[in-house]
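The next block holds one structure in the form of structure tokens; read it before the comments.
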Amino acid sequence: MNCRWNEEKVFPSLFETLEAGFVEARLHTDGERGEELTEFEQQRANSIATPLYLVLDPATERVLAGPLGGITTVDGFRAFLTEARAAAKREEKVGRLPAR
């Protein structure tokens, strides 16, 4: 239910920020491929907690921010997104990520 709380109370306030530079991808670990996806989550986040938020660079799969878990606040999630953008800019400067 924590993910529902964030979807209803946190994310709507950050819609413009999310739409301007992030692509949502959800990982559901409770289905047919659950074990495989749980392993993927463990590798990327070093956790299998839910909800769990990461910002990955789509080209390199480098973790730019996170993991961030549980119920969060608008300000807390905004700071998380700001951290991800700053990490992406640092990576661009050293040539690890393509400029966007």
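The values are calculated or read from the model by the stated rules, or taken from the named source; none is laboratory data. Being a predicted model, the structure only gives us computed values, none of them experimental. Because the Cβ atoms are built from the backbone with ideal geometry, glycine has one as well, and the counts that use them run over all protein chains shown. Calculation scope for accessible area: heavy atoms of the full protein, side chains included, ligands and nucleic acids excluded. Shrake-Rupley method; radii C 1.70, N 1.55, O 1.52, S 1.80 Å.
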* Structure fact -> Row for the chain, column shape: gyration tensor on C-alpha, a ≥ b ≥ c, rounded if a/c < 1.5 i.e. under 1.5, prolate if a/b over b/c, else oblate; value oblate
* Whole-percent carbon and sulfur share, accessible surface of the chain, 1.4 Å -> 50
* Structure fact -> In the chain, taking the dipole from +1 charges on Lys and Arg beta carbons and -1 charges on Asp and Glu beta carbons about the Cα centre, the listed residue (ALA88, PHE22, PHE40) farthest towards the positive end is ALA88
* Structure fact -> Among chymotrypsin sites (Phe, Trp or Tyr not before Pro) in the stretch 12-46, those in a DSSP loop whose Cβ has at most 16 other Cβ atoms within 10 Å are PHE22
* Solvent-accessible area per residue for the chain (1.4 angstrom probe, square angstrom) -> 72
* To do: Lys and Arg at +1, Asp and Glu at -1: add these up for the other residues within a Cβ distance under 14 Å of ILE71 and post the number.
  => -1
